[in-house]
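Undergrad: Sharing a structure, written as structure tokens. Questions coming.
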Amino acid sequence: MLMSTLFFHSRLFQTRRGAWALAAGFAFLILAAAPFALGISRWLRGQNLLLVLVIALFIVFFGYLLAYLFYRIKGAPLRVWFFLAGLFLFGGILLALNRTPEERVHLLEFTLLGLLLLKACRLSFQGNTPYLLALLLAMGTGWCDELWQALLPGRVYDIQDVLNNAGGGVLGVALARIRYNYGKPADNE
């Protein structure tokens, strides 16, 4: 019961306007944080808190996501569980390929953005269109984030970050698709 009231099933998230507002607001926060990220990162690193904070964020975010998915997809076919395991392996590989905690945050940001965008797209479109559109929007936002960083002093355009952003978007959309295709509906759906 508690899981059905958190995040994906809040009343605001059930309307098309609310879902788009949350997705657009989060994308804006990603882009708006770019000028400050370097300074915040340096301060956290100087306080020896950066790695601890990033690990804590990943544990909370992916722990909640796993608990939520396990709760929702009980009884799903075995192939779904293998696909879910493959997605987490994909996420682990993306994490391992990153050099710094700051780069690992890209995966978290864009996984969440992919989840938010898919919810908004599903409320607006039917068929496979929501999945494709959510992927394109997440990837486009990631690319814009890197273009924006190229214009900022002390920041650079990094193709690996573009790929991390895209990988996070793919991960978010794929995880949400598993939930929508195989999950049991929440009490308020």
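Undergrad: Enter the per residue convex hull volume of segment 33-93, computed from alpha-carbon coordinates, in Å³ rounded to the nearest integer.
TA: Numbers: hull volume 6.0 nm³, N = 61.
Taking the convex hull of the Cα positions in segment 33-93, it is 98 Å³ per residue.
Undergrad: What per residue convex hull volume, in Å³, do the alpha-carbon atoms of segment 138-189 yield?
TA: Working: hull volume 4.6 nm³, N = 52.
In segment 138-189, the Cα hull volume divided by residue count equals 88 Å³.
Undergrad: Show that you can apply the helix-only estimate: for the chain, add -39,500 (n - 2.57) for every DSSP H stretch of four or more residues, divide by all residues, and state [θ] at 222 nm to the nearest 500.
TA: Computed ellipticity for the chain at 222 nm equals -27500 deg cm²/dmol.
Undergrad: To the nearest 20 Debye, how big is the dipole of the chain about its Cα centre, given +1 on the beta carbon of each Lys and Arg and -1 on that of each Asp and Glu?
TA: The dipole of the chain has a size of about 560 debye.
Undergrad: What does the highest-first list of 37-50, 65-78 look like by mean Cβ count within 10 Å?
TA: Order by mean packing, descending: 65-78, 37-50.
Undergrad: By its C-alpha gyration tensor, with a ≥ b ≥ c as the square roots of the eigenvalues, how is segment 1-120 shaped: rounded for a/c under 1.5, else prolate for a/b larger than b/c, else oblate?
TA: oblate
Undergrad: Given points 7 Å out from each Cα along the Cα-Cβ axis, report the Ala67 to Arg16 separation in nanometres with one decimal.
TA: Once both label points are built, they end up 3.4 nm from each other.
Undergrad: Round to the nearest 0.05 the FRET efficiency obtained for Ile40 and Leu89 when R0 = 30 Å and r is the Cβ-Cβ distance. If you can, show how the numbers build up before the last one.
TA: Working: r = 31 Å, r/R0 = 1.02.
With R0 = 30 Å, the Cβ-Cβ based efficiency is 0.45.
Undergrad: Given 0.36 nm per residue, what is the gain on full extension from Ile55 to Lys74 after removing their alpha carbon distance, in nm?
TA: 4.1 nm
Undergrad: Here's something else I'd like to know. Looking at Ile59, Leu49, Leu147, which one has the Cα that reaches farthest to the positive end of the dipole of the chain (charges on Cβ: Lys, Arg +1; Asp, Glu -1)?
TA: Ile59
Undergrad: Another one. Kirkwood Rh over alpha-carbon pairs of segment 54-131, then Stokes-Einstein at 4 °C and 1.567 mPa s: what D in µm² s⁻¹, rounded to an integer? Show your work: numbers first, answer last.
TA: Values: Rh = 14.1 Å.
Once the numbers are plugged in, D ends up at 92 µm²/s.
Laboratory data are not the source of any read-out in this text; all were calculated from the coordinates shown. Every value quoted in this text rests on a predicted model; they were computed, and no experiment measured them. FYI the Cβ positions are ideal-geometry reconstructions off the backbone, even for glycines, and counts take in every protein chain you see.
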